[in-house]
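Structure first, commentary second.
The values are calculated or read from the model by the stated rules, or taken from the named source; none is laboratory data. None of these values were measured; they are calculated from a predicted model. Backbone-built Cβ (ideal geometry, glycine too); neighbour counts: all protein chains shown. Just the protein is used for accessible areas: all its heavy atoms, side chains included, with ligands, DNA and RNA removed. Shrake-Rupley method; radii C 1.70, N 1.55, O 1.52, S 1.80 Å.
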Amino acid sequence: GDDLDTLRGELAPHVAETPVVGTDFSGHHTRRFGGVMAKSAVARDLALNPMVMALADHLLLPYCARYQLSFTGIMHLDPGETAQALH
């Protein structure tokens, strides 16, 4: 939808300017960066969406008193990337 297109548009310049690090673990065709909330208004809106918050509450609050989102990042796999090992 529109939000996804806007999100892609907001993050595309950051993906383009992020170099591929290139290790066997992280991949040789993967771009990684953090700080998505600072880079995208749509990402902030989606993180605070009432449905997302209700789902997080449902899944997390039975096991904790509170929770917080501490890292938001992108792992953009370029063509030719292989599957990452489970970790």
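Kindly indicate the residue of the stretch 1-15 that is open to solvent by less than 70 Å² (accessible area, probe 1.4 Å) and under 12 Å from the mean Cα position of the chain (by Cα) and also farthest from M75 (Cα to Cα) among those meeting that condition.
Here the residue is L7.
Looking at the stretch 60-69 only, could you name the residues that are open to solvent by 100 Å² or more (accessible area, probe 1.4 Å) and over 19 Å from the mean Cα position of the chain (by Cα)?
Listed by number, the residues that qualify are Y63, R66.
Based on this model, can you work out whether S26 counts as of a type outside the set (A, V, I, L, M) and at pLDDT 95 or above?
So S26 does not fit the description; no.
For the stretch 32-87, which residues satisfy the criterion of being closer than 20 Å to L4 by Cα and of a type in the set (V, I, T)?
V36, V42, V52, T72, I74
Residues in the stretch 1-15 that are touching a residue at least 24 places away in the same chain (Cβ under 8 Å) and either hydroxyl-bearing (S, T, Y) or not in a helix (DSSP H, G or I) (or both): how many?
1
If I go through the stretch 16-48 residue by residue, how many of them are at negative phi, exposed (fewer than 13 other Cβ atoms within 10 Å of the Cβ) and without any contact (Cβ under 8 Å) to a residue 12 or more places away in the chain?
7
Return the residues of the stretch 71-82 that are open to solvent by 100 Å² or more (accessible area, probe 1.4 Å) and without any contact (Cβ under 8 Å) to a residue 40 or more places away in the chain; say none if nothing qualifies.
Answer for the stretch 71-82, where residues must be open to solvent by 100 Å² or more (accessible area, probe 1.4 Å) and without any contact (Cβ under 8 Å) to a residue 40 or more places away in the chain: just F71.
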